[in-house]
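Below is one structure, written out as structure tokens; the observations come after it.
The values are calculated or read from the model by the stated rules, or taken from the named source; none is laboratory data. Small disclaimer: the values here were computed from a predicted structure and weren't measured. Please note: Cβ atoms are built from the backbone with ideal geometry, for glycine as well, and neighbour counts cover all protein chains shown. With ligands, DNA and RNA removed, areas are computed over all heavy atoms of the protein, side chains included. Shrake-Rupley method; radii C 1.70, N 1.55, O 1.52, S 1.80 Å.
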Amino acid sequence: MGLEIRPLTKHIGAELRGIDLRQPLDEASQKAIYKAWLDHLVIVFPDQKLEQEDLLRVSSYFGEIGALRRPPKFFPPGFNRLLPNIMLISNIRENGEPIGALPDGEMMFHHDMIHAPIPHNGTFLYSVEIPTHGGNTLFASGYAAYDTLDPALRAKLEGKTALHLYNYGSTKKGDGHGTEAFGEAKHPLFRTHEETNRKAIYVNRLMTTGIEGMSEEESQPLLDAVFDHAEKSEFVYEHVWSVGDLLLWDNRCSSHARTDFPADQRRLMLRTTIEGTVKPY
Ligand code: SIN
């Protein structure tokens with residue numbers, strides 16, 4: 001394997017070239033790619049031509065594939081089947097209903113499944129159709145933000161537990177859009193990654209609702225200061241999608257967001273997740 005690893009920013013993201021993911025990977029290659037994921041938080045495999053079986057096989061190199069709670073109701077155009085545990089992220093509509101989850105426009109920064117007791121370790125996203133512009137995915141390094149957080153703020157929040165909830169849409173908390181409750185959980189506000197032993201900011205603007213033992217008046221300004229710091233452009237890699245890109249990100253130490261895109265253009269992604277292995281600490 002002629003694997004090339006090219007960092008994309010100082011803190012987060014690397015492009016991996018010289019590898020065709022349609023071919024099974026030997027153990028040495030799997031290890032090298034796994035290490036690149038831990039080192040760079042987000043890895044990008046450009047220009048892949050994957051079948052759904054390939055996506056599931058590649059996902060399985062990183063752990064147990066996350067089970068889908070709500071299998072899709074429709075197949076995307078051009079697909080006559082969808083394999084188990086492949087989720088659609090799409091704004092394409094059938095009979096007026098989106099065929100996929102997280103269909104429209106902008107999304108605020110979040111960690112996937114932070115509202116679960118054991119959140120997913122990672123998420124894969126594979127692009128099938130993209131709009132002419134927008135719909136970029138931004139990834140923020142929780143490590144770099146933690147390392148540079150104002151020491152007084154960090155000391156005040158060290159050892160605290162944050163509360164998370166997901167029962168709303170993609171940009172506004174509690175706006176009544178998509179009110180079905182998906183779950184709530186509490187986790188350390190700063191998370192130690194169990195494989196790298198590094199600490200990362202582990203709260204986000206979309207899903208974090210408070211800090212245990214603090215009133216909203218006390219906690220919200222502190223959380224807002226953490227969000228503003230964590231989302232600074234110096235900690236962010238912005239991915240502009242091409243068809244055939246496969247991305248994998250580490251939900252334990254990074255958060256992500258999405259830019260707006262035209263509502264009249266189609267966006268279709270296939271997603272798998274990697275189950276969490278430990279309760280965050
Ligand atoms: C997600 O947040 O999992 C989806 C991101 C995207 O659609 O770019």
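Here are some conditions: (1) within 17 Å of the chain's Cα centre (by Cα); (2) open to solvent by 30 Å² or more (accessible area, probe 1.4 Å). G100 meets all but one. Which one does it not meet?
(2)
Here are the criteria: (1) within 14 Å of the ligand (Cβ to nearest atom); (2) in a loop (DSSP other than H, G, I, E, B); (3) open to solvent by 30 Å² or more (accessible area, probe 1.4 Å). Tell me which single one D112 does not satisfy.
(3)
Residue by residue through the range 223-262, note down the ones that are more than 12 Å from the ligand (Cβ to nearest atom) and of a type in the set (F, W, Y).
If the condition is that a residue be more than 12 Å from the ligand (Cβ to nearest atom) and of a type in the set (F, W, Y), then F227, F235, Y237 are the ones that fit.
If you go through the range 138-155, how many residues are open to solvent by less than 10 Å² (accessible area, probe 1.4 Å) and within 13 Å of the ligand (Cβ to nearest atom)?
Number of matching residues: 2.
Residues in the range 53-62: is at least one modelled with pLDDT of 95 or more, within 18 Å of the chain's Cα centre (by Cα) and in a strand (DSSP E or B)?
There is no residue in the range 53-62 that is modelled with pLDDT of 95 or more, within 18 Å of the chain's Cα centre (by Cα) and in a strand (DSSP E or B).
Can R198 be described as in contact (Cβ under 8 Å) with a residue 12 or more places away in the chain and within 16 Å of the ligand (Cβ to nearest atom)?
No.
Read through the list (1) more than 16 Å from the chain's Cα centre (by Cα); (2) within 15 Å of the ligand (Cβ to nearest atom); (3) of a type in the set (S, T, N, Q), then give the number of the only condition that S215 fails.
Of everything listed in (1) more than 16 Å from the chain's Cα centre (by Cα); (2) within 15 Å of the ligand (Cβ to nearest atom); (3) of a type in the set (S, T, N, Q), S215 misses just condition (2).
Just to check your reading of the model, which residue among T208, T272, T192, T259 is within 30 Å of R81 (Cβ to Cβ) and within 18 Å of the chain's Cα centre (by Cα)?
After ruling out the rest, the residue left standing is T272.
Check N95 against each of (1) away from the ligand (no atom under 14 Å from the Cβ); (2) farther than 16 Å from L268 by Cα; (3) in contact (Cβ under 8 Å) with a residue 60 or more places away in the chain and name the one condition it does not meet.
Among (1) away from the ligand (no atom under 14 Å from the Cβ); (2) farther than 16 Å from L268 by Cα; (3) in contact (Cβ under 8 Å) with a residue 60 or more places away in the chain, the lone unmet condition for N95 is (3).
Given (1) surrounded by 22 or more Cβ atoms within 10 Å (Cβ to Cβ); (2) more than 30 Å from L55 (Cβ to Cβ); (3) among the aromatic types (F, W, Y), where does F227 come up short, assuming only one miss?
Every listed condition holds for F227 apart from (1).
Quickly run through the range 230-241 and pick out the residues that are in a loop (DSSP other than H, G, I, E, B) and touching a strand residue (DSSP E or B) at 6+ places or on another chain (Cβ under 6 Å).
E231, W241
Which of the residues spanning the range 219-270 are under 22 Å from G134 (Cβ atoms) and of a type in the set (D, E)?
Listed by number, the residues that qualify are E231, E238, D245, D260, D264.
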